[in-house]
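K.L.:
Here you go, one structure.
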Amino acid sequence: MSIAELFIRRPVMTTLVMLGILLFGVMGYRLLPVSDLPNVDFPTLQVSASLPGASPETMASSVATPLERQFSTIAGVDSMTSTSALGLTQITIQFALSRNIDAAAQDVQAAITAAQRQLPAGMPSPPTYQKVNPADQPILFMSLNSKTLPLSTVDEYAETMIAQRISTISGVAQVGVLGSQKFAVRVQLDPMLLASRGIGIDEVEKAVQQGNVNLPTGTLYGNHQAFTVESNGQLTNAEAYRPLIVAYRNGSPVRLQELGRVIDSVQNDKIASWFNQTRSIILAVLRQPGTNTVEVVDSIKKLLPTFRAQLPAGVNLNILYDRSESIRASVGDVKFTLLLTICLVVLVIFLFLRNLPATVIPSLALPMSIIGTFAAMYLLGYSLDNLSLMALTLSVGFVVDDAIVVLENIVRHTEEGEGVLQAALEGSREIGFTIVSMTLSLAAVFIPVLFMGGIMGRLFREFAVTIGVAILISGFVSLSLTPLLCSRFLRPPLKSC
């Protein structure tokens, strides 16, 4: 018994198998993430270290160099770059694509621990690292600005209300704040005034730290109750800092306001961002790998009316850039091309066969193969992107060939006078091995793409697997559904008198 005979003599089983392929394919299509390109995660780690007040030269020599020496001993490092600024150093380590990112993170943590002894003692915290993907760009940019409120107030709304709420949405990896303007009190000391009173900067720093504390003082115990006493000496604005006593000279207190300017400012006044020539706070939303970009953006947009209702009337919330719009447009164009290709293939089959049942039977292999491929794509963790849809578009010409060959051989047997059922059995049996060899040979053409290395290999791996799966499914459909439909709906040619 041939493979096709099993499906021809059991039409109920064949129908259930085809319905199963359709069902799982539709479910896989609905669950597939939508993106512009396949998800390629570069094993990259970014190490950050801070030393407030240190110059870029000091950060490069005292912080970056010891860390780089340790990181260079880690196996699988492809490239390493460092950037040093005022009080901050960032080192980006990119590993080979074959390197496991979790194992690399453990090696980086061990290297940081080994370099700890060589780092300056005044660092407020040890260096930290995080996993980053340099190829992953923000999917959404939003701006907040106000013509009446200070930027520090707008920044507080952006970071405490909007950014934290968006971070809880499924699929959102991180919400970055560009042009951050966190409120801070800035003390600008005059060297001449310090020298005239014989006061050093360290005395001013110590006085500010001691005058701005929030520590538990103790507990008052009574007969029936106990009270916790706290000394709330936290200062929140420049006006509260100005009367601080820094030192005593000649029996008189020297206050902070006598040594320079104390103003309400921001933590970093060297960064800024604009929207329509207006100073703004920009929020950049990054998605998690493998998530649906369009779905994540839609979830964020549903919250925008709630955000606008909770914000003060003077704060404007606008969308600067929406990556999902270009993804929708490009994926929509490829989908249209795919549908147009299917229609053209069916039209060409009809023009040559001039028979409606003979046109419909091989044409059904097209949707069955493409829809069934969606299920395999979901199981493999692929996405619905330009490359995978291009693979399906190119496979349209391949998946219909097998069904046409089976149909032609069955029609030849009917023209020789055999019954439709017998012609389907004999024709599919004769051509079965040919169909298997054709299918395997077509799928084998794309096997070398799977062994491509580097970034291009990662990108085109999804393309090769998608088109290979579509060809294999089309071979199965040609040996199961096509012979069954021929045995039931194909009509023998009319004999002339």
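The values are calculated or read from the model by the stated rules, or taken from the named source; none is laboratory data. From a predicted model like this one, the values you see are computed outputs, not experimental measurements. Cβ coordinates were reconstructed from backbone atoms using ideal geometry, including for glycine residues, and neighbour counts include every protein chain displayed. The protein model used for the area step is the full one, side chains on, heavy atoms only, and it has no ligands, DNA or RNA in it. Shrake-Rupley method; radii C 1.70, N 1.55, O 1.52, S 1.80 Å.
K.L.:
Provide, for the chain, the number of lysine pairs with alpha carbons under 27 Å apart, each pair being eight or more places apart or on different chains.
P.N.:
Close lysine pairs found across the chain: 13.
K.L.:
Between Met192 and Ala226, 0.36 nm times their residue separation minus their Cα-Cα distance comes to what?
P.N.:
Values: separation 34, 0.36 × 34 = 12.24 nm, distance 5.10 nm.
Full extension of this stretch gives 7.1 nm more.
K.L.:
Another one. For the stretch 135-191, give the percent of accessible area contributed by carbon and sulfur heavy atoms, probe 1.4 Å, rounded to a whole number. Present the calculation step by step, with values, prior to reporting the outcome.
P.N.:
Numbers: 1380 of 2700 Å².
Solvent-exposed carbon and sulfur of the stretch 135-191 make up 51 percent of the total.
K.L.:
Can you compute the radius of gyration and Dmax for the stretch 125-200, using only the Cα atoms, both in Å?
P.N.:
Rg, Dmax (Cα atoms, Å): 19.4, 60.
K.L.:
Okay, next question. As an exercise, use a Förster radius of 30 Å and the Cβ-Cβ distance of Ser330 and Arg458 to find the FRET efficiency, rounded to the nearest 0.05.
P.N.:
Values: r = 20 Å, r/R0 = 0.66.
The computed FRET efficiency comes out at 0.90.
K.L.:
Taking 0.36 nm per residue of separation and subtracting the Cα-Cα distance, what length does fully extending Glu205 through Leu303 add?
P.N.:
Values: separation 98, 0.36 × 98 = 35.28 nm, distance 4.38 nm.
Extending this stretch completely gives an extra 30.9 nm.
K.L.:
Measure nothing but the geometry: give the 0 to 90° angle between the long axis through the Cα atoms of 420-444 and the longest principal axis through the Cα atoms of the chain, rounded to 10°.
P.N.:
Rounded to the nearest ten degrees, it is 40.
K.L.:
Could you work out [θ]222 nm for the chain from helices alone, using -39500 (n - 2.57) per DSSP H run of at least four and dividing by all its residues? Round to the nearest 500 deg cm²/dmol.
P.N.:
Numbers: 18 runs with 248 residues, N = 497.
That calculation yields -16000 deg cm²/dmol at 222 nm.
K.L.:
Keeping every protein chain present and rolling a 1.4 Å probe, give me the accessible area per residue for the chain in Å². If you can, show how the numbers build up before the last one.
P.N.:
Values: 26550 Å² over 497 residues.
Counting only protein heavy atoms, the per-residue value for the chain is 53 Å².
K.L.:
Please give me the summed charge of the neighbours of Asp269: other residues whose Cβ is under 12 Å from its Cβ, Lys and Arg +1, Asp and Glu -1. Walk me through the numbers before you get to the answer.
P.N.:
Values: positive: Lys182, Arg186, Lys270, Arg279; negative: Asp264.
Counting the neighbours of Asp269, the net charge comes to +3.
K.L.:
If you don't mind, there's one more thing I want to ask. Once neighbouring chains are kept in place and the probe is 1.4 Å, which whole percent of the accessible area of the stretch 31-76 is contributed by carbon and sulfur?
P.N.:
Values: 1030 of 1840 Å².
It is 56 percent, rounded to a whole number.
K.L.:
Let me spell out the model: positive unit charges on the Cβ of Lys and Arg, negative unit charges on the Cβ of Asp and Glu, origin at the Cα centre of the chain. What dipole size does that give, in debye rounded to 20? Present the calculation step by step, with values, prior to reporting the outcome.
P.N.:
Working: 34 positive and 36 negative charges, 135 e Å.
Taking the Cα centre of the chain as origin, the dipole is about 640 debye.
K.L.:
Then there's this: Fully extended, how many nm does the chain gain between Arg279 and Val360 (0.36 nm per residue separation, minus their Cα-Cα distance)? Don't skip to the end; give the middle numbers.
P.N.:
On the way: separation 81, 0.36 × 81 = 29.16 nm, distance 6.21 nm.
Going from the current span to full extension adds 22.9 nm.
K.L.:
If you compute Kirkwood radius over Cα pairs in Å for the structure shown, which of (1) 25.5; (2) 29.1; (3) 23.4 do you land on?
P.N.:
Answer by label: (2).
K.L.:
Roughly speaking, what is the centre-to-centre gap between the stretch 319-391 and the stretch 117-153 when only Cα atoms are used, to the nearest Å?
P.N.:
42 Å
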